[in-house]
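The structure under discussion appears below in the form of structure tokens.
Read the figures in this text as sums done on the coordinates, not as results from a lab. All of these numbers come straight from a predicted model, not from anything done at the bench. Positions of Cβ are backbone-derived with ideal geometry, glycine not excepted, and every protein chain shown enters the neighbour counts.
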Amino acid sequence: MNANIIFSTRQLARLLAVVLSLATGLPASAVFAQTPTLAEIARKEQERRKTLKAPAKVYTNKDLPARAATVMSAPAVAPSAAAASPADKPADKAKPAADQKDEAWWRARMAQAREEVRRNELFAEALQTRINSLSADVINRDDPAQRAKLSDDRQKAVAELDRVTIEIQAGKKQIADIEEEARVAAVPPGWIR
């Protein structure tokens, strides 16, 4: 029994589409679905744009206040040049005197010192994690060139950790000095907590 199966081109295309849909996991109906032509999509987009309202107001530099427009058009100044500008000199002379050190000043000073210590401690923890990771990588590498590079990176991280540790100690000393200064100045203890 010799059965010759003859498929038409259309049947082969359908069979190929079904096989491809099964292979890709798409439902067969998605393969046979008609997609809109480019002309239909363009027509629909044109109709959609006709129904949209024009923007109520388009803002330009002319709409901005005069001061804001000059700030926007002025070239950016480097931070170092801005710090050395003569406009900042009078502000430096207006620093609070010893009798103007109020609760907010003491709280801000102590908060800044504590925040600096906290950031340095977090950085030290991250460095220690990096050192531990690099140590493990040095041990597990077979290539001497890679091992040397990792060892060099580890030494740099150890040096940075030593520097950060010194900064942490200096920050803790600064906190102790602020507490002592506040005690001598008869500042209520609640102001520096």
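Stretching VAL58 away from GLU45 to a fully extended chain increases their span by 2.4 nm, per 0.36 nm per residue minus the current alpha-carbon distance. Placing dummy labels 7 Å off each Cα toward the beta-carbon, the span from GLN100 to ASP137 is 5.1 nm. The H on the amide N of LEU64, modeled in the peptide plane, is under 5 Å from the matching H of no residue at least 5 residues off or on a different chain. Rounded to two decimals, the Cα radius of gyration of the stretch 102-192 over 2.2 N^0.38 Å is 1.60. Here the label points at GLU121 and SER21, each 7 Å from Cα along the C-beta direction, are separated by 6.4 nm in the simple model.
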